[in-house]
Amino acid sequence: MIDQLEARTAADRSVTTTPGARNPTVLWGVYAVWLRELKRAVRDRSQLIGGVSRPLLWVVILGIGLNPYFRGEVYGEVRFVVPYTYLQYIFPAVIVLNMLYTSVQSAVSVVWDREFGFLREILVSPLPRGAVLLGKVLGGTTVALGHGLIVLLLSRFVDVNISLARIGQGLLFMALLGFALTTLGVVIANRLRSFEGFGVFSNLVILPLYFLSSSIFPMDPALTRTQTAVHYPDWLIFLVHWNPITYAVDALRGVFIGFNQFDPATGPVVIGAMAVVLFAVAWWDFRRA
Amino acid sequence: MSAFIRTITTPRLPSLGVPCSMPLICFVHDRLSAPRPLGEHDTSTATFGPTSGHGRGRPVRGGRSRLTTRTAASVFVDRVSKRYGRTPALVDVSLEVEPGQSLALLGPNGAGKTTLLHILTTILRPDSGMATVAGFDVVKHPREVRRRIGMVFQESTLDDRLSVRENLEFHGLIFGVPRRQRNAAIKELLELVELDNWRDAEVRSLSGGMRRRLEIARALVHQARILFLDEPTVGLDAQSRSLIWEYLRLLRRSREITLVVTTHYIGEVENCDRVCIIDKGRVIANDAPDALRREHGQELLRVTVNSADAFRDITRSHPEAVSIAEDRLAIPFEGSEFIANFVNRYGRAIDAIEIERSSLETVFLKLTGSELRDEKASHTEQMRSIRRRGGELTR
């Protein structure tokens with residue numbers, strides 16, 4: 001009988017503490033969490049409807065409506081303030097908007113999981129918290145990327161012609177942005193005691209970030225600072241310049257319509273820094289939780 | 001001993017003329033107690049601890065020597081205390097569950113059962129004291145503990161947007177169960193809890209009882225040997241409740257599982273080998289149901305009186321009486337002449353009288369001085385289910 005016990009404990013050990021078996025296990029866990037995010041997103045019809053209707057509203061109604069006003073008149077000569085139509089101008093910003101909504105929405109599921117218990121199922125598993133976070137963020141990134149692609153389908157319609165090479169670069173930026181935004185959502189969600197509904201997020205996080213990102217009106221760098229100040233109050237300029245999303249929008253504009261308000265390198269750097277810093281914060285939160 | 005049992009449980013047995021029912025009983029006993037020879041008290045601490053503890057590198061790392069002498073136990077709790085703010089939830093709780101045993105933690109809501117379970121499943125840390133599960137310290141090696149246990153929470157922790165199969169698959173993946181083993185386990189468990197026809201149904205469409213069964217199955221996908229269930233039958237109708245216990249019995253018959261179950265339904269603890277009564281964070285008794293009945297059982301006379309005067313009279317002349325409500329008393333007694341005398345004396349003051357034979361209810365009443373507050377519990381259950389439903393609607 002003693003032999004039986006020893007055989008059993010030996011078996012236990014070999015199953016669970018083989019050193020090489022650890023890392024693949026963690027990867028499977030990340031995959032599981034990622035897959036779950038994806039499945040939930042695909043099955044959530046309201047999220048899909050939002051992902052399709054939002055770009056249509058912004059492009060078809062707002063874009064077409066404001067298109068004629070997006071120009072300046074200098075000595076009777078009509079010219080565009082920015083050498084693009086309004087539709088072209090807001091198109092990259094709508095990509096960012098759509099991704100912003102989606103990634104924050106999927107990050108908010110952290111709160112749902114906590115409130116409705118599923119998080120416990122993960123917390124009693126041997127999966128490290130960091131792997132849970134990574135799976136979650138990668139899942140959100142993938143879904144956000146998908147919703148960004150929905151907007152890209154409208155590109156012909158708004159006279160934006162994108163070469164294959166540009167698409168590649170654009171997708172890379174979008175993926176990085178999706179990662180950063182989902183992590184932002186997770187960081188916010190971790191700080192919430194209770195879940196008040198998605199409207200709060202939409203009004204307090206997503207829309208302010210979006211409107212303050214030079215997305216729907218340009219701060220023309222061709223104007224001097226004094227000239228800009230004549231058009232816009234200081235606080236607005238300040239907020240726009242400190243909003244990281246400004247540079248994300250700028251990066252996508254650079255890729256898709258070839259227009260940059262800032263140094264073309266700024267955008268990718270800011271997005272990358274956002275991703276790294278926010279993920280570090282989220283990681284720290286998760287380890288503590 | 002177990003060898004003997006094995007031989008008589010071979011299928012050829014009936015031809016040897018052994019009564020038909022015997023193999024079955026032996027079989028059950030064999031499965032339930034298969035590892036018990038290892039844990040037979042005196043020998044286990046004497047021979048196992050030292051040899052398997054240090055020499056063979058049994059997976060107790062950094063444990064004190066006292067700990068290693070107890071590794072034969074699946075669950076070992078030593079003077080664990082926990083408080084929430086100023087409220088003590090657990091006070092010096094010690095207990096032990098041997099491999100293959102089933103333990104019921106019985107107590108009213110708020111007694112500390114869930115807190116204890118959360119400490120054992122590494123969700124909470126104890127303020128003081130020490131606990132090991134499967135030989136690992138729950139504070140020092142939480143991940144080793146988690147690998148070896150299955151947990152079924154009081155509230156559903158299923159993802160109701162995923163299908164039955166997907167929930168199980170998710171669990172297998174995050175526990176790192178290899179694909180082939182995972183598929184086999186899922187198939188087997190779904191058949192066991194009779195959900196194989198619902199494999200691809202979204203969990204949203206399942207009834208409460210089916211969800212519970214699914215959660216029990218899920219907790220075992222990674223071949224857990226120790227299963228913790230927190231109020232597994234709460235909020236279910238009587239039929240589903242007994243079904244859940246039926247599945248647990250089946251499970252324990254088909255594999256070697258140590259079971260720790262919390263419940264506040266006193267009738268259910270009969271399904272377990274041992275009962276640990278917890279009240280206000282303290283362990284009050286810990287024994288087999290039969291032994292508890294034998295030791296603490298008492299016959300009770302339950303009386304409903306019709307006036308406060310009568311209530312006072314009776315409590316004065318029977319100081320052993322326990323008051324249950326303003327007009328209700330439970331009086332322990334022995335011998336049938338007591339009833340006759342009592343009725344003679346107080347017959348006019350009594351609205352109703354009821355004789356209760358020795359049962360776990362009477363044991364509980366004697367040990368805690370109160371009844372299990374079932375009505376109150378069902379009220380909170382209702383609140384919980386309303387909240388849960390509300391949550392679903394507002395999503």
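One table, with the values for the structure above:
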quantity	calculated
Residue-wise HN-Hα coupling along the range A:55-67, computed from phi with Karplus coefficients 6.51, -1.76, 1.60 (Hz; x: Gly, Pro)	x, 4, 4, 5, 7, 6, 8, 5, x, 5, x, 8, 3
Fully extended contour minus Cα-Cα distance, from B:Gln239 to B:Arg86, at 0.36 nm per residue	51.1 nm
Between the range B:164-209 and the range A:148-192, the Cα center-to-center distance that results, in Å	35 Å
Cβ crowding within 10 Å averaged over residues, with B:321-334, B:123-136, B:341-354 ranked highest first	B:123-136, B:321-334, B:341-354
Nearest-20 debye value, the range B:73-289 charge dipole, Cβ charges on Lys, Arg, Asp, Glu	600 debye
Cα-centred dipole magnitude for the range A:28-288, charges only on beta-carbon of K, R (+1) and D, E (-1), debye, nearest 20	780 debye
Lys/Arg +1, Asp/Glu -1 at C-beta; the range B:73-289 dipole; positive extreme among B:Gly85, B:Ser163, B:Gly100	B:Gly85
Residue mean of other protein chain beta carbons inside 10 Å, A:40-47	1
Shielding by partners, peptide B:300-310 (average Cβ within 10 angstrom, other chains)	0
Greater than 29 Å apart at Cα, pairs in B:Lys140/B:Lys366; B:Lys82/B:Lys366; A:Lys136/B:Lys82; B:Lys140/B:Lys280	B:Lys140/B:Lys366; A:Lys136/B:Lys82
Top positive-direction residue, dipole computed over the range A:109-176 with Cβ charges, set A:Phe173, A:Phe116, A:Leu154	A:Phe173
Order by protection proxy (mean Cβ within 10 Å, highest first), peptides A:52-63, B:293-304	B:293-304, A:52-63
Centre separation in Å (Cα based) which lies between the range B:277-305 and the range B:68-133	21 Å
Highest average packing first - B:89-97, A:182-190, Cβ atoms within 10 Å	A:182-190, B:89-97
Peptide-level mean, for B:82-93, of C-beta atoms on other protein chains within 10 Å	0
Nearest-0.05 FRET efficiency for B:Leu250 and A:Leu207, computed from C-beta distance (R0 51 Å)	0.40
Model label zone, B:Asp351; criterion: amide N under 20 Å from point 7 Å along Cα-to-beta-carbon; scope the range B:289-316	B:301-316
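Values in this text are rule-based calculations from the coordinates and carry no lab data. Because the structure is a prediction, the values reported are computed rather than measured. Cβ sites come from the backbone with ideal geometry, for glycine too, and all protein chains shown count toward neighbours.
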